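The values are calculated or read from the model by the stated rules, or taken from the named source; none is laboratory data. What you are looking at is a predicted structure, and each value in this text was computed from that prediction instead of being measured. With ideal geometry, Cβ positions are generated from the backbone for all residues, glycine too; neighbour counts draw on all protein chains shown. Heavy atoms of the whole protein, side chains included, go into the accessibility calculation; ligands, DNA and RNA do not. Shrake-Rupley method; radii C 1.70, N 1.55, O 1.52, S 1.80 Å.
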Amino acid sequence: MTSSSSPAPENAPAPALSHFDAGGAAHMVDVAGKAITHRVAVARGSIRMKPATLALVREGTAKKGDVIGVARIAAIQGAKRTAELIPLCHPIPITRVAVEFDLDEAAGAVHCTAIVECDGRTGVEMEALTAVQVGLLTVYDMCKAVDRGMVIEGVRLLEKHGGKSGSFVAG
């Protein structure tokens with residue numbers, strides 16, 4: 001992954017992890033002094049499955065019902081509940097969550113992309129990543145009766161915008 005900023009030289013010291021204090025104890029980062037900016041994060045991941053399983057998803061005939069519809073709602077709910085799941089995440093007033101699923105016959109996969117936005121003091125990367133994971137886990141849950149060998153893979157941040165660190169776009 002590359003970012004839109006210049007890479008650090010190889011001999012540069014590693015940046016400090018922000019979720020640890022000087023004594024090494026975990027803590028929630030203080031964002032009170034940060035400016036409120038519009039923040040956007042886009043994440044994506046996939047779940048590979050058997051062709052017959054993908055056909056059930058595409059046709060909407062899985063035993064548990066509309067896999068994609070339920071997974072979309074679950075992904076949105078996942079984004080909204082990220083602070084409850086990840087101990088040091090801030091509760092964020094999310095202004096938008098958009099989730100798309102693409103069925104990829106050639107790869108035998110369902111791809112999930114989540115876009116999360118807010119006007120706040122900290123970013124929404126974790127919310128976008130959580131949305132993707134929860135969406136894909138829901139696909140797994142709804143299809144596991146016919147395909148326990150499904151594989152969730154490639155979950156990653158594609159881009160983020162806003163805040164002091166500026167923009168990041170994966171290479």
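Got a number for carbon plus sulfur as a percent of region 48-171's accessible area, 1.4 Å probe?
Numbers: 3580 of 6290 Å².
Reported share for carbon and sulfur atoms: 57 percent.
Size of the chain along its principal axes in angstrom, Cα-based, largest extent first?
The principal-axis extents, from largest down, are 52, 35, 30 Å.
With every protein chain kept in place and ligands, DNA and RNA left out, what is the accessible area per residue of the chain? Probe 1.4 Å, answer in Å². Present the calculation step by step, with values, prior to reporting the outcome.
On the way: 9700 Å² over 171 residues.
Accessible surface, normalised per residue, equals 57 Å².
Please go through region 88-171 and write out the GluC sites (Glu not before Pro) that DSSP classes as loop and that have at most 16 other C-beta atoms within 10 Å. Can you show the working numbers first?
Numbers: sites: Glu100, Glu105, Glu117, Glu125, Glu127, Glu153, Glu159; in loops: Glu105.
Answer by residue number: Glu105.
Let me know the shape class of region 81-171, please: from the alpha-carbon gyration tensor, a ≥ b ≥ c as square roots of the eigenvalues, rounded when a/c is under 1.5, otherwise prolate if a/b is greater than b/c, or oblate. Present the calculation step by step, with values, prior to reporting the outcome.
On the way: a/c = 2.59, a/b = 1.73, b/c = 1.50.
Prolate shape, in that a/c is at least 1.5 and a/b is the bigger ratio.
Would you compute, from DSSP H runs of 4+ residues alone, the mean residue ellipticity of the chain at 222 nm, taking -39500 (n - 2.57) per run and dividing by the full residue count, rounded to the nearest 500? List each step's numbers first, then the result.
Details: 4 runs with 46 residues, N = 171.
Value at 222 nm, helices only: -8500 deg cm²/dmol.
Under 8 Å for C-alpha pairs, at least 6 residues apart: give me the relative contact order for region 28-131, rounded to a whole percent.
Details: 184 pairs, mean separation 46.2, N = 104.
Worked out over region 28-131, it gives 44 percent.
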